[in-house]
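Please treat every number below as a calculation from the coordinates, not as lab data. This is a predicted model, so every value here is computed, not measured. Neighbour counts are summed over all protein chains in view; Cβ atoms, including those assigned to glycine, are modelled from backbone coordinates with ideal geometry.
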Amino acid sequence: MASTFFTWLRSPAAREYFFSTHFWGPVANWGLPLAALSDLRKDEEVISGTMTTALACYSMVFMRFAWRVQPRNYLLFACHFTNATAQSIQDFRFYNYWYNGGREKKLVQEGSTVADTTAPGKVTTAVIAAREEAKKAEK
């Protein structure tokens, strides 16, 4: 099996494949799923629900394209399958954090009281601080 693969690697068909968009397009596109997989470790507060949903839908559409195009582009399909899976997990984390009480549970675990659960998060606090700095700079 390995000898057959190495024979194919030396063939003109392999050169044609490696110098085509059927290879380099998916290779370049792997940045999306790799970033999504690395984002799985980040805090749920920084997840953009809109962007995550858009990327999941984008990958689902292009999974179908990669399957339907002739010849089938398995590398592109694997890339979009990985991205759609990672983005779907991120969507679940976003929904759970903001709509199913995940934020409140996290704040309670961090030692906040029930009254503090309506306090703005890290991102909102950073945006407010940046606006205040901009207003000071204008004066």
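Annotation: aspartates and glutamates with alpha-carbon distance below 13 angstrom to Lys122 (same-chain offsets under eight excluded): Asp43, Glu44, Glu45. Report the residues of region 35-53 in range of a label on Ala130: point 7 Å along Cα→C-beta, backbone N strictly under 20 Å from it. Answer for region 35-53: 39, 42-52.
Computed on the chain, the Cα convex hull volume stands at 184 Å³ per residue. Kyte-Doolittle mean at least -1.0 and Cα extent at least 20 Å along the axis: which DSSP H helices of the chain qualify? Result, helices passing both filters: 49-68, 74-99, 122-138.
Taking trypsin sites (Lys or Arg not before Pro) across region 37-109, the ones in a DSSP loop with at most 13 further Cβ atoms lying within 10 angstrom of their Cβ are Arg41, Lys42, Arg72. Within region 40-139, the GluC sites (Glu not before Pro) that combine a DSSP coil assignment with at most 14 other C-beta atoms in a 10 angstrom radius are Glu110. For region 1-88, chymotrypsin sites (Phe, Trp or Tyr not before Pro) meeting the loop criterion (DSSP other than H, G, I, E, B) and having at most 10 other Cβ atoms within 10 Å: Phe19.
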